[in-house]
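Below you'll find the structure, written out as structure tokens, and then a few comments.
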Amino acid sequence: MAEKKSRVNAFMRATGKFRWVFGPAQKSGVDHPMTEENKALLKQREAEASQWETVTRADGSTYIVPKKRS
């Protein structure tokens, strides 16, 4: 009796065929200049991140807490 293929195997086989036809996923380089939109988004994310600080416990785990305002 023939061994039944799993759905995962069938999916991987199908995506492999798509890759053979269409080629690998498109990747962009990181050496191009940032757009103005991305620069603004980066500043926004940095401002959001500056509100928090990372605390490390003795066991090595970390968590974030709001920064204390002085």
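The values are calculated or read from the model by the stated rules, or taken from the named source; none is laboratory data. All values derive from a computational prediction rather than experimental measurement. Note that we place each Cβ from the backbone using ideal geometry, even for glycine, and neighbour counts take in every protein chain shown. For the accessible areas, the whole protein counts, side chains as well, though only heavy atoms, and no ligand, DNA or RNA atoms are used. Shrake-Rupley method; radii C 1.70, N 1.55, O 1.52, S 1.80 Å.
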Stick to the Cα atoms of the chain, pair each with every other, and give me the Kirkwood hydrodynamic radius in Å at one decimal.
18.0 Å
Run the dipole for the chain about the Cα centre, Lys and Arg Cβ at +1, Asp and Glu Cβ at -1, nothing else charged, and hand back the magnitude in debye, nearest 20.
420 debye
Using a probe of 1.4 angstrom, how much of the accessible area of the chain is carbon and sulfur, in percent?
57 percent
Quick check: with the 1.4 Å probe, what order do Arg13, Arg69 take by accessible area, largest first?
Arg69, Arg13
Using the Karplus curve 6.51 cos²θ - 1.76 cosθ + 1.60 with θ = phi - 60°, work out ³J(HN,Hα) for each residue of region 45-56 in order, rounded to whole Hz, and write x for Gly and Pro.
5, 5, 5, 5, 6, 6, 7, 10, 10, 8, 10, 10
Heavy-atom accessible area per residue - the chain, 1.4 Å, Å²
106 Å²
Provide the convex hull volume over Cα atoms per residue for region 23-63, in Å³.
145 Å³
Run the helix sum for the chain: -39,500 (n - 2.57) per DSSP H stretch of 4+ residues, divided by residue count, reported at 222 nm to the nearest 500 deg cm²/dmol.
-14000 deg cm²/dmol
Restricting to Cα pairs below 8 Å that are 6+ residues apart, what does the relative contact order work out to for the chain? Please round to a whole percent.
15 percent
